Amino acid sequence: GSGKSTLVKIIMGLIEPTNGDVLIDGNQLKNIKYKWQKNISYIPQNFYILDDTILENVLFGEDKTKLDNKLLQEALKFASLEKFINQLPEKLNTIVGPNGKKLSGGQLQRLAIARAMYQNTNILVFDEATNSLDKKTEEEILDKIYKLKGSKTIIIITHNYKILDKCDKIYKIESEKFIQIN
């Protein structure tokens, strides 16, 4: 409730600031918004799930004829989904049901993570993106996220400070102030 998600949505260009400008490499975000947004994969707290297959939920509107199978497998592995999917009779063609009804909350969250990883962007924004995962899976995915340091910009929004222990910079929003902790 302090504005963490709102701040990141402003940085991503999803909402306009009420005053001032957001600058990206000296350019006003409003002038380069679409180019900027193509660099970002966003895993929100509440993600949208299609009443379709696992594959379609990972691709999320991408052209299936241009499927990059290697990237898909890497995304599924990153999200710790490959073992689960391989046990399903229909594998990637398994229908998840309305709002992902046929999957657990953790499986759905991992599906959203796989979607973001398949986009293969330079900036990853995780907004409470591991809160539905069991402790072991959360630690496994966080280890993978931390290994991306240096190759991607990673923004993690969380109220759980333990998740942030390997982050280069930590900011806290408190009483409408933006405070750098480390």
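The Rg/Rh ratio for segment 128-173, using Cα coordinates for both the radius of gyration and the Kirkwood hydrodynamic radius, is 0.93.
Contact order, relative form, for the chain: 24 percent (alpha carbon pairs under 8 Å, 6 or more residues apart, mean separation divided by residue count).
Amide H contacts of Ser80 (H built 1.01 Å from N, in plane; Pro and chain starts excluded): no residue 5 or more places away or on another chain comes under 5 Å.
Tell me, what % of the accessible area of segment 1-100 is carbon and sulfur with a 1.4 angstrom probe? So the carbon and sulfur contribution to the accessible surface is 50 percent. As a size descriptor, the averaged projected area of the C-alpha convex hull of segment 101-152 was calculated at 3.8 nm².
Across segment 20-26, computed HN-Hα scalar couplings (Karplus, 6.51 cos²θ - 1.76 cosθ + 1.60, θ = phi - 60°) run x, 10, 9, 10, 10, 6, x Hz from first to last residue, x flagging Gly and Pro. Here the spin labels are modelled as points 7 Å beyond Cα on the Cα-Cβ line, and at Lys38 and Lys83 they lie 3.8 nm apart.
Within the chain, antiparallel bridges make up roughly 40 percent of the DSSP beta bridges whose residues both belong there.
Legend: residues Asp127, Asp143, sorted from most to least accessible area (1.4 Å probe; ligands, DNA and RNA excluded), read Asp143, Asp127. The convex hull defined by the C-alpha atoms of segment 74-127 has an orientation-averaged projected area of 4.0 nm². Computed over the chain, the quotient of the alpha carbon radius of gyration and 2.2 N^0.38 Å is 1.07. On the principal axes of its alpha-carbon atoms, segment 25-129 has extents of 51, 28, 21 Å, going from largest to smallest.
Whole-percent P(r), segment 22-67, all Cα pairs, 10 Å bins from 0: 21, 34, 29, 15, 0. For the listed residue pairs Lys35/Lys77; Lys38/Lys136; Lys64/Lys135; Lys70/Lys152, the alpha carbons are over 24 angstrom apart in Lys35/Lys77; Lys38/Lys136; Lys64/Lys135.
The values are calculated or read from the model by the stated rules, or taken from the named source; none is laboratory data. The shown structure was predicted, so the numbers you read here are calculated from the model rather than taken from an experiment. Counting neighbours? That spans all protein chains shown, and the Cβs are built from the backbone with ideal geometry, glycine included. Areas reflect the complete protein model, heavy atoms only, side chains present, ligands, DNA and RNA absent. Shrake-Rupley method; radii C 1.70, N 1.55, O 1.52, S 1.80 Å.
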